[in-house]
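Below is one structure, written out as structure tokens; the observations come after it.
Just so it is clear, none of the values below were taken in a lab; they were calculated from the coordinates. Computed from a prediction, not measured in an experiment: that's the story for all the values here. Neighbour counts run over all protein chains shown; Cβ positions are idealised from the backbone, glycine included.
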Amino acid sequence: MYFTYILQSLKDHRYYYGSTSNLEERLKTHNAGKVRSTKSRRPLKIIYYETFDRRSEAYRRELFFKSKEGYEWLKKEGIIH
């Protein structure tokens, strides 16, 4: 199983979009400061995730979230502000 996830920084309230095969471990990695792009934005919390059978599906969804259309969809659904 694979996940596409959205984290929110409790420090600056900004979002991070990613995909992984182990959501719990990935969050621990982010909060341990081992991810360059989120190291200075810790702590982070999961605000949304979706599950997929294939890695390619999860990655495709991550790219959608990072697109203008994805951003608008996330806002419309009330997932991000």
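Compute the signed sum of charges (Lys and Arg +1, Asp and Glu -1) over the other residues within less than 10 Å, Cβ to Cβ, of L10.
Details: positive: K11, R41, R42, K45; negative: D12.
Computed value for this residue: +3.
Please work out, to two decimal places, the log10 of the ratio I(q)/I(0) at q = 0.23 Å⁻¹ from a Debye calculation in which every Cα of the chain carries one identical scatterer.
Result of the Debye calculation: -1.12.
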